[in-house]
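Undergrad: Here's a structure for you.
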Amino acid sequence: MLVVAYDNRSEIEIADSILEELEDAMVRTLLHQEIEVECEVSFSFVSTTEIKELNREYRDKDAVTDVLSFPMYEAFILNRETIIKNNPFLPLLLGDVVICIEQAETQAQEYGNTLNRELSYLSVHSILHLLGYDHMEDDEKSQMRRIEKEIMGDD
């Protein structure tokens with residue numbers, strides 16, 4: 001159902017068990033959203049320096065962030081039938097996810113989470129972005145947060 005191409009460009013080693021948890025979180029997200037074709041995601045772990053550069057280049061924000069998502073399709077969730085139908089090749093490339101592992105570690109400590117839990121959440125969040133969800137407006141934000149909680153099993 002999901003092919004993930006990992007690229008660890010950070011100096012922190014990522015255990016296979018963490019990668020398995022991330023894939024599980026991403027698959028749960030696709031199942032929740034009823035995406036029933038095989039998909040592919042490019043998934044990179046980067047340093048604070050690299051994520052800051054990417055954030056500045058693509059979002060015009062000169063700051064470290066936890067995750068950036070680069071969807072292959074705009075509003076995938078609204079046009080999924082057409083996109084899937086018009087793409088006879090599988091797996092369907094959804095896009096790229098870039099996570100700053102150092103920022104994820106910092107946030108995990110701030111929120112009282114494990115690193116695994118924080119990375120799983122960021123994976124769910126990112127896949128939702130690749131599927132066309134956003135949180136720029138209040139209604140979008142509450143919808144996205146509700147979906148994240150359902151997938152993560154939070155109350």
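The values are calculated or read from the model by the stated rules, or taken from the named source; none is laboratory data. Treat the numbers as computed from the prediction; the structure is a model and nothing was measured. Note: areas computed on protein heavy atoms with side chains; ligands, DNA, RNA excluded. Shrake-Rupley method; radii C 1.70, N 1.55, O 1.52, S 1.80 Å.
Undergrad: Share of the chain's accessible area from carbon and sulfur, percent, 1.4 Å?
TA: Of all accessible area on the chain, carbon and sulfur atoms account for 45 percent.
Undergrad: Under 8 Å for C-alpha pairs, at least 6 residues apart: give me the relative contact order for the chain, rounded to a whole percent. Mind dumping the intermediate values first?
TA: Details: 242 pairs, mean separation 43.4, N = 155.
Worked out over the chain, it gives 28 percent.
Undergrad: Using a Gaussian network model on the chain with a 10 Å cutoff between Cα atoms, which of Ala104, Ala25, Ala75 fluctuates the most?
TA: Looking only at Ala104, Ala25, Ala75, the largest GNM fluctuation is found for Ala75.
Undergrad: Another one. Tilt of helix 115-130 relative to the longest C-alpha principal axis of the chain, in degrees (0 to 90, nearest 10)?
TA: 40
Undergrad: Any idea of the accessible area per residue across the chain, 1.4 Å probe, to the nearest Å²?
TA: Working: 8640 Å² over 155 residues.
Per-residue value: 56 Å².
Undergrad: Aspartates and glutamates within cross-link reach of Lys85: Cα-Cα under 14 Å, excluding same-chain residues under 8 positions apart?
TA: Glu36, Glu38
Undergrad: Hey, another quick one. Helix 48-59 versus the longest principal axis of the chain: what angle, 0 to 90°, nearest 10, using Cα atoms?
TA: 40
Undergrad: Can you give the helix-only mean residue ellipticity at 222 nm for the chain, where every DSSP H stretch with n ≥ 4 adds -39500 (n - 2.57) and the sum goes over all residues, rounded to the nearest 500 deg cm²/dmol?
TA: -16500 deg cm²/dmol
Undergrad: So what's the angle, to the nearest 10 degrees on a 0 to 90 scale, between helix 76-85 and the longest Cα principal axis of the chain?
TA: 50
Undergrad: Which semi-axes, in whole Å and largest first, does the equivalent ellipsoid of the chain have when worked out from the alpha carbon gyration tensor as the square roots of 5 times its eigenvalues?
TA: 23, 17, 17
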